[in-house]
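The values are calculated or read from the model by the stated rules, or taken from the named source; none is laboratory data. Just so we're clear, the structure is a prediction, and the values are computed from it rather than from any experiment. No Cβ is skipped: glycine too gets one built from the backbone with ideal geometry, and neighbour counts run over all protein chains shown.
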C-alpha cells in the first residue's frame with residue numbers, strides 16, 4: 001500500500017466499553033502517534049452533516065443548503081475535513097509527534113457520516129469485545145453516571161431491559177463496523193479486546209504494522225505508571241494498575257433466560273468474529289421462574305433473620 005503522508009490520521013472505533021480507551025492509550029505510547037483524550041470532533045462533524053429527508057427525497061441539511069449556494073458536496077467535505085483534522089494535527093505537533101489518532105467512544109453511533117467525512121483519508125482501527133460483557137459494563141457505566149447518554153438512551157427506549165438494550169446496540173453498531181471493513185478493506189483493521197488482554201504486544205504490533213509504523217511500544221505497563229492526560233475518557237480504566245482478565249466473561253453471571261434469548265440473536269455474529277457461540281441454557285418456563293424467585297426470597301429472608309439474631313446476641 002502506497003503511503004500518503006496527508007492521509008496518515010487514525011480513527012479508533014468501537015462500541016463504548018469495548019476497550020477503546022485501552023487501545024487509544026496503547027496507540028498513544030507510540031513515539032510517532034498522538035492519541036489525546038476524547039475531542040468529540042468527528043461526531044460533531046457528523047452531526048453537522050445530518051439531514052432530514054422530505055417525501056420527495058430532498059436532503060434538508062447543510063450539504064444541500066450549501067449546494068444551492070454554489071458549494072459542491074466534495075468542497076464542503078474537504079473544508080470540514082481540514083477543519084477537524086487540523087485540530088488533531090496541531091494537538092499531535094504540540095506533543096512533538098507527527099501523526100494523530102482520534103478516539104471518542106460514541107463516534108460509533110455516527111459511523112455513516114464519519115465515513116462520508118473521512119473516506120480513505122484515514123486508517124480505521126476497530127475494536128470489538130464480547131457483546132454481553134459490553135452490555136454488563138455499559139449498565140454499570142450508566143449507573144455510575146446517573147444517566148443514559150443520548151445515543152444509548154435510544155436503545156433503552158426500544159428495549160426496557162438495559163442488558164438487552166446494550167446487546168442490541170452492540171449488534172447494530174458491530175454490523176456497521178464490519179460493513180465499513182468490507183468497503184474500506186485497505187484502510188481497515190479490527191482487533192478483539194480479549195486478544196489485547198491475552199497478548200497486547202502481538203496485537204499492537206499488527207496494528208502499528210497496518211498503519212505503516214514500527215512497533216516501538218513494548219512497554220504497555222507505562223500507561224499505568226504515568227499521570228493520565230486531562231480530558232474526557234473512561235475514568236474506570238484510568239484507575240487500573242495493569243492489563244488484566246478480570247473483565248472477561250463477567251456476563252456469565254447474567255440470568256440464564258436472558259442469556260438464552262440474546263444468544264439466539266448474537267450467535268451468528270459471534271461466530272463470524274471468532275467467539276464461542278452462547279450455549280443454549282435451556283428453556284425455563286414461567287412456573288419454574290416463579291418458584292426460583294420465591295426460593296430466592298425465602299433464602300434472603302432466612303439470612304436476614306440470622307443476621308438479626310446474631311446482632312441481638
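Is it the case that residue 262 is surrounded by 15 or more Cβ atoms within 10 Å (Cβ to Cβ), under 23 Å from residue 162 (Cβ atoms), at pLDDT 70 or above and in contact with a helix residue (DSSP H, G or I) (Cβ under 7 Å, 6 or more places away or on another chain)?
In short, yes.
Can you say whether residue 15 is at pLDDT 95 or above, surrounded by 21 or more Cβ atoms within 10 Å (Cβ to Cβ) and touching a strand residue (DSSP E or B) at 6+ places or on another chain (Cβ under 9 Å), as far as the supplied structure shows?
yes
I need the strands (runs of 3 or more DSSP E) fully contained in the range 1-88, keeping only those with at least 2 residues that are in contact with a helix residue (DSSP H, G or I) (Cβ under 7 Å, 6 or more places away or on another chain) and either in contact (Cβ under 8 Å) with a residue 12 or more places away in the chain or closer than 30 Å to residue 170 by Cβ (or both).
9-13
Pick from 182, 192: which is in contact with a strand residue (DSSP E or B) (Cβ under 7 Å, 6 or more places away or on another chain) and within 22 Å of residue 211 (Cα to Cα)?
192
Determine the pairs where a residue that is farther than 16 Å from residue 129 by Cα, located within the range 255-267, has a partner that is surrounded by fewer than 16 Cβ atoms within 10 Å (Cβ to Cβ) with Cβ atoms under 6 Å apart, the partner being 6 or more residues away or on another chain.
Partner pairs satisfying both residue conditions: 256/281; 257/284; 259/281; 260/281.
Looking at the range 174-208, which of its residues are under 24 Å from residue 115 (Cβ atoms) and not in a helix (DSSP H, G or I)?
Residues satisfying the conditions are 184, 188, 189, 190, 191, 192.
Suppose the filter is surrounded by fewer than 19 Cβ atoms within 10 Å (Cβ to Cβ), in a helix (DSSP H, G or I) and touching a residue at least 40 places away in the same chain (Cβ under 8 Å); does residue 109 pass it?
Answer is no for this residue.
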